[in-house]
Protein chains: 2
Amino acid sequence: MKIGIIGSGNVSWHLARGLKNLTEIELCWISGRNKESLKALASSVEVNAFDFIPVDVDLILICVNDDNIQTVLNQVSPKIPVAYTSGTVSLEKLNFEGKLGVFYPLQTFTKGRQIDLEKVPFLIESNDDELRSTLTKLASMLSTNVQLMNSEDRKNIHIAAVFANNFVNHMLYLSSDLLSQKNLPFEILSPLIEETIKKAIELNPKDAQSGPARRSDTSTINMHLNELDERKKNIYDIVTKSILETYKK
Amino acid sequence: MKIGIIGSGNVSWHLARGLKNLTEIELCWISGRNKESLKALASSVEVNAFDFIPVDVDLILICVNDDNIQTVLNQVSPKIPVAYTSGTVSLEKLNFEGKLGVFYPLQTFTKGRQIDLEKVPFLIESNDDELRSTLTKLASMLSTNVQLMNSEDRKNIHIAAVFANNFVNHMLYLSSDLLSQKNLPFEILSPLIEETIKKAIELNPKDAQSGPARRSDTSTINMHLNELDERKKNIYDIVTKSILETYKK
């Protein structure tokens, strides 16, 4: 199977590497608007880079921002099956006359990091039986966790992922920012953070909760609020109230 | 060295097990008010349980809630060196005529979980040179990461730990709650959550941030806000604004 990729961002960076490793697949080209990142990516995986969209492939993977998917679709020949990699964008809201599908890897991708695609859940959807089957087969070459999923469920999983990844990471940022303001090292929290996640996954987050809010320890909460700058104080306050609400009797 | 522990909560549960494993230490008794948890803990580590405070030890570790430390101190003979395990309570704010110290394990403890104390940072402080040295020696038997730290730094690390543990866990709870409302499994997020933490620690949280707020993708943000219940919407909104603020140019 011959494949082309449109986009040269984080998802493209990882999928291109994954596909390059498959003997059953020929990754023919990567196309994109950002000349610099396109050139860097294409040369790093030894694939042709184009600023137009060739038509010599069996499948095109669109790895661009949600807002640009429709624009890119408008430029693709409906003769070629196409899949996009978004968690949020609903299949039925896109206009495309050809075979269209979703090929969504549920992971946080950053260029340059090594990620084991084998464990990444791939969520598949299509308006066409044959493409759905092709995408499932392709995903199964990359990962052991491939699931068919409709747009509604995929969207909800994506929102949950925003809390579990984006917001978790921002809490870690606020924590690291507070420490660096006081010239204290963030590394001291590493064992705590690792156990936090292990406990949340092995127990479940509701049973894993600890801390002053969980204990309704208002004197410690108030002492902490007094120490924080405005932005951190607002977040401390609203998250604390949400924890108290969760465990009120 | 003979040691007694006051308190039968999560910290006591883990420290008692750690101390029981040390040949240089004799854990003589555990004392506490909660008869049920005291009995369960004492019998599980095969140590005497008392509802009073014996005086036959070289060191007493107070493992009770912040609000109760002073009350317990009032009942202890000033002839016995005492240390408490709180992250927040300042040494100089406590009244005790004898030798007093801090023996703070920086970790989230839940009864019944296995925790490798060897990697847990122990933060040590004392009003007495000899006790400081004793506590440092004791902590070094349990952990490879022992640090002297004053109350001010320890308090700031504890506040940072609230963000890194308590609030991270609550974001995971909100994520799991959203999924369970939609009959979707939280487990699907496990690879994402594990990579989130790895990336934040290996890169640093500021560089690791991804997601719609990081990309200023307002259409996805607004779509997500429309899907959420009141409590999650408020948290989504304030955390998103904080992320936007962090990366504004």
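Points to keep in mind about this one:
- Hits in segment A:5-30 (condition: assigned to a strand (DSSP E or B) and either in contact with a Lys or Arg (Cβ under 6 Å, 6 or more places away or on another chain) or open to solvent by 30 Å² or more (accessible area, probe 1.4 Å) (or both)): A:Glu26, A:Leu27, A:Cys28
- Residue that is more than 7 Å from every other protein chain (Cβ to nearest Cβ), touching a helix residue (DSSP H, G or I) at 6+ places or on another chain (Cβ under 7 Å) and open to solvent by 10 Å² or more (accessible area, probe 1.4 Å), where the choices are A:Ile221, A:Ile238: A:Ile221
- Selected residue (criterion: surrounded by the most Cβ atoms within 10 Å (Cβ to Cβ)) from residues of segment A:161-195 that are of a type in the set (S, T, N, Q) and more than 23 Å from B:Asn234 (Cα to Cα): A:Ser176
- Looking only at residues of segment A:109-151 that are of a type in the set (S, T, N, Q) and assigned to a strand (DSSP E or B), we find that the one that is most open to solvent (accessible area, probe 1.4 Å) is A:Gln147.
- Test result for A:Val162, within 24 Å of the chain's Cα centre (by Cα), part of a helix (DSSP H, G or I) and farther than 22 Å from B:His158 by Cβ: yes
- Within segment A:26-43, tally of residues that are of a type in the set (Ser, Thr, Tyr), touching a residue at least 24 places away in the same chain (Cβ under 8 Å) and out of contact with any Phe, Trp or Tyr (no Cβ under 8 Å at 6 or more places or on another chain): 1
- Verdict on A:Ile201 being within 7 Å of chain B (Cβ to nearest Cβ), open to solvent by 50 Å² or more (accessible area, probe 1.4 Å), among the aliphatic types (A, V, I, L, M) and touching a helix residue (DSSP H, G or I) at 6+ places or on another chain (Cβ under 6 Å): yes
- Strands (runs of 3 or more DSSP E) (entirely within segment A:31-91) containing at least 2 residues that are over 24 Å from A:Leu106 (Cα atoms): A:48-50
- Residue within segment B:168-189 that is within 7 Å of chain A (Cβ to nearest Cβ), assigned to a loop (DSSP other than H, G, I, E, B) and within 23 Å of A:Lys119 (Cα to Cα) present: yes
- From the list B:Leu22, B:Leu73, B:Leu41, the one residue that fits, being of a type outside the set (S, T, N, Q) and within 17 Å of B:Ser143 (Cα to Cα), is B:Leu22.
- Subset of segment A:205-218 (residues that are surrounded by 15 or more Cβ atoms within 10 Å (Cβ to Cβ), under 33 Å from the mean Cα position of the chain (by Cα) and not aliphatic (A, V, I, L, M)): A:Pro205, A:Lys206, A:Gln209, A:Ser210, A:Gly211, A:Pro212, A:Arg214
- Restricted to segment B:32-61, and to residues there that are among the polar types (S, T, N, Q) and either over 22 Å from B:Ser86 (Cα atoms) or more than 21 Å from the chain's Cα centre (by Cα) (or both), the residue that is surrounded by the fewest Cβ atoms within 10 Å (Cβ to Cβ) is B:Ser43.
- Evaluation of A:Val64 against (1) within 14 Å of chain B (Cβ to nearest Cβ); (2) of a type in the set (Val, Ile, Thr); (3) free of Cβ contacts under 8 Å to residues at least 40 places away in the same chain; (4) open to solvent by 30 Å² or more (accessible area, probe 1.4 Å) (one fails), failing number: (3)
- Of all the numbered requirements in (1) within 7 Å of another protein chain (Cβ to nearest Cβ); (2) aliphatic (A, V, I, L, M); (3) out of contact with any Gly (no Cβ under 7 Å at 6 or more places or on another chain), A:Leu123 misses one, and that requirement is (1).
The values are calculated or read from the model by the stated rules, or taken from the named source; none is laboratory data. Remember, it's a predicted structure, so these values are computed and weren't measured experimentally. For neighbour counting, all protein chains shown are included, and Cβ atoms are generated from backbone atoms with ideal geometry for every residue, glycine included. Ligands, DNA and RNA are excluded from the accessible area calculation, which covers all protein heavy atoms including side chains. Shrake-Rupley method; radii C 1.70, N 1.55, O 1.52, S 1.80 Å.
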